[in-house]
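Working notes, beginning with the structure itself.
Readers should treat all values here as calculations from the given coordinates under stated rules, not as data from a laboratory. For clarity, every value in this text was computed on a predicted model and none was experimentally measured. We place every Cβ from the backbone using ideal geometry, glycine too, and count neighbours over all the protein chains shown.
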Amino acid sequence: MNDAAKPDIFYPSEEVLNQANVNEYEEMYKYSVENREQFWAEQAETLNWFKKWDTVLDESNAPFYKWFDGGQINIVHNAVDRHLENANRNKMAIIWESEHGEVRNFSYNGLNREVCKFANVLRSMGVEKGDIVTIYMPQIPELVFAMLACAKIGAIHSVVYGGFSTEALASRIDDAHSRVLVTADGGWRRGKQIDLKSIANAAMERSPSIEVCICVKNNGLDVEMEPTRDFWLHDLFALPIASSKCETVPTDAEDPLFILYTSGTTGKPKGMLHTHGGYSVYTSTTHRMAFDIKPQDRWWCAADPGWITGHSYIVYGPLINGATIMLYEGAPNYPYPNRWWQIIENYGINILYTSPTAIRGLMRFGDRWPKKHDLSSLRLLGSVGEPINPEAWRWYHNVIGQDKCPIIDTWWQTETGGFMVCPLPITPLKPGSATKPFFGNELAVVDDDGEEVEVNEEGKLIIKNPWPGMARTIFKDDARYAELYWSQREDGSWRYLAGDSAKIDDDGYIWVIGRMDEVLKVSGYRLGTAEIESALVSHPKVSEAAAVGLPHELKGNAIHTYVILIDGVEPSKELMLELKTHVGNEMGKIATPEAVEFVEALPKTRSGKIMRRVLKARALGQDEGDLSTLEE
Ligand code: 6R9
């Protein structure tokens, strides 16, 4: 049967149906939305609490909802400690492989030892409950240890993706006022060493709040250490303070667990704040149900812990569920395009969760690379970060999933903490749709007036209810949080605005189309036009800049920029390349523009806002739409 003749709906096999953790959707969904608090209380019961909650959901100060208020918990108590009391103690928690083939394994017992030592070291550096520790690391086990160590002592982590550069790191340190930075000498990518410590040094110069920098020796780069500020982790671990015993601190359910900066509509990145209680319940429940987690599973979420996907589904959800997690530091196609398939075969990975960009990137090398490997251990596949195009879906399903693995396409955001729309393994699938709402959630598509649109009509995606994994606020900016995301209806109910456009089909399947605001998903990474523009404008020869996303075969979207130079500077090819590099140096390679176009003027509204939609329409040769607000 050729691709075109394949049915549009894929039904799960008997085998998948028989082993499903949840074997029925409709009735349970109905129960979960009609008895939302009851449903989430039942899920919360599966975790260990130091003290049980008083109320499941407190709506008295909406949209600042509280979940499990009055309860005491610590996510690490559930992700690590409780496994030490049962057969998981000696189970593999983390398998790590580096690009150049180094392998390190940690059992749950071993993980606990490392986390305790790290927690004691942080304490000895004066880190206390409520302090924010910034973490800037390659994808190595110490990144996970550092996150868990913070949580264990009630400190708040702010992980900055290791692919970001000086300005991105400095502004995040600054906003969080971190006293302590955890970093590494460097990382590996495509056989090259990435010099993280130098970037960290430059960022610390720009953001003077850092008093202590703990540095992990990863690739042995010769780096500059400032003697009164910088410490090697292995030196600290050799001291008596780094005892391998450390009590986990009980935190209130609503105590902050982490902030994670994400790009928003305007201005600088927003620190989305998540808490211990609801986030523990939400990530573990979604992971267990959508990915059918079994005790013997080897789970591989091939994202970076520096993004929300890594926080929720490399670290917290899977560890709470006692899974064995795979971590790989390196490029998917290094030294050859079979690297990932080799990892799956070598370690017997059962579930692979990745992005459409990664799938498209590996697909272009052809079937012969995966076909060299035994991928029969795979049971389920997952997708996240952007809509998956049907062609990539089919390849993933046929070639990687050998026609037997359901594809769990999960729609969610940094703000939502965990999956909001996703199939269960038993759900019939339509390629390109994340299918139906997860339990407890009611979604809709509305027009500009907030009215629900007809079936199959495009509009704004909204969520009509609170859920335990939701971000509680934007760090230091409650007002902006309420204003950006929430609106209240006349009947008093609240709605969360996702920022995506979508439609819902006759079967109730949700099709997410893409962002409606100034957020770009480039290779699945979330970037803001504002950050890219400000990186451009920080170049001495640039007067004004605008960035838009244009469709790109591999990356989903590619960054196109328009630049007005300062008076007297002539456009040139060299300057174009220099500006591209400049953005890469300031923000990180992922933000390097695909194109820099020199222009005399930018389309603006009368109030001076750049009309990016006009730039985009022009670039695509499309109708420019309503130009009535365009400046003369
Ligand atoms: C988890 C994550 C959020 C934005 C979101 C949407 C896009 C994520 C998607 C998807 C279609 C999916 N997105 N998953 N679009 N189908 N399965 O990516 O969080 O980095 O905050 O980005 O990503 O546009 O609004 P984040």
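Sorted fewest first by neighbouring Cβ atoms within 10 angstrom, Ser572, Ser312 come out as Ser572, Ser312.
Which pairs break 30 Å Cα to Cα here: Lys66/Lys117; Lys66/Lys268; Lys436/Lys521; Lys270/Lys589; Lys66/Lys152? Checking Cα-Cα distances, Lys66/Lys117 exceed 30 Å. What the phi angles of segment 319-331 give under the Karplus curve with 6.51, -1.76 and 1.60, with θ = phi - 60°, is a coupling list of 5, 4, 7, x, 7, 9, 10, 9, 10, 10, 9, x, 7 Hz, glycine and proline written as x. Magnitude of the charge dipole for segment 518-620, about its Cα centre and with charges confined to Cβ atoms of Lys, Arg (+1) and Asp, Glu (-1), is about 520 debye. Cβ distances below 4.7 Å define possible disulfide partners, and in the chain the cysteines left without one are Cys150, Cys213, Cys215, Cys301, Cys405, Cys422. The calculated 222 nm mean residue ellipticity attributable to helices in the chain amounts to -7500 deg cm²/dmol, summing -39500 (n - 2.57) over DSSP H runs of n ≥ 4 and dividing by all residues. With R₀ set to 51 Å, the beta-carbon distance separating Gln19 from His234 gives a calculated FRET efficiency near 0.70.
For the chain, the convex hull spanned by the alpha carbon atoms encloses 163 Å³ per residue. Centre-to-centre separation between the Cα atoms of segment 443-461 and those of segment 331-382: 37 Å.
Sorting the segments 126-133, 14-21, 595-602 by their mean number of nearby beta carbons within 10 angstrom, highest to lowest, gives 126-133, 595-602, 14-21. DSSP bridge analysis restricted to the chain gives an antiparallel fraction near 60%, rounded to the nearest 5.
A dipole drawn for segment 339-490 from +1 and -1 charges on Cβ atoms has a positive end, and of Pro423, Gly459, Ser376 the residue lying farthest that way is Ser376. Rounded to whole numbers, the Karplus 3J(HN,Hα) couplings from phi for segment 425-437 are x, 7, 6, x, 10, 10, x, x, 10, 7, 6, 10, x Hz, using 6.51 cos²θ - 1.76 cosθ + 1.60 with θ = phi - 60°, and x at Gly and Pro. Positive end of the dipole of segment 236-377, charges at C-beta (+1 Lys, Arg; -1 Asp, Glu), about the Cα centre: which of Ser355, Thr262, Cys301 has its Cα farthest in that direction? Comparing the listed Cα positions along the dipole, Ser355 ranks first. Our estimate of slack between Ala479 and Tyr11, defined as 0.36 nm per intervening residue step minus the Cα-Cα distance, is 164.0 nm.
The simple spin-label model puts a point 7 Å past each Cα toward its Cβ; for Glu211 and Arg489 those points are separated by 5.0 nm. The stretch between Val33 and Lys372 holds 117.4 nm of extra length on full extension. This uses 0.36 nm per residue minus the Cα-Cα distance.
Between Glu600 and Lys51, residue separation times 0.36 nm minus the direct Cα-Cα distance comes to 191.3 nm. The convex hull drawn around the Cα atoms of segment 84-249, when projected onto a plane and averaged over every direction, covers 9.5 nm². Among the GluC sites (Glu not before Pro) found in segment 174-248, those both in a DSSP coil and sparsely packed, with 15 or fewer other Cβ atoms within 10 Å of their Cβ, are Glu211, Glu224, Glu247. Rounded to the nearest 20, the Cβ-based charge dipole of segment 84-249 about its Cα centre (Lys and Arg +1, Asp and Glu -1) stands at 540 debye.
So for the chain, averaging the separation of alpha carbon pairs under 8 Å that are six or more residues apart and normalising by length, what relative contact order in percent results? Show your work: numbers first, answer last.
Numbers: 1372 pairs, mean separation 82.0, N = 632.
RCO, the chain: 13 percent.
Dipole orientation for segment 84-249: of the candidates His177, Leu196, Asn112, Asn112 has the Cα lying most toward the positive pole (charges on Cβ; Lys, Arg +1; Asp, Glu -1). Using the Cβ-Cβ distance between Ala87 and Ser243 with R0 set to 30 Å, the FRET efficiency works out to roughly 0.70. Between Asp222 and Asn398, the modelled label-to-label distance comes to 5.3 nm, taking each label 7 Å out from Cα in the direction of the beta carbon. Protection proxy ranking, highest mean first, for peptides 618-624, 508-514: 508-514, 618-624, where packing is the per-residue count of other beta-carbon atoms within 10 Å, averaged.
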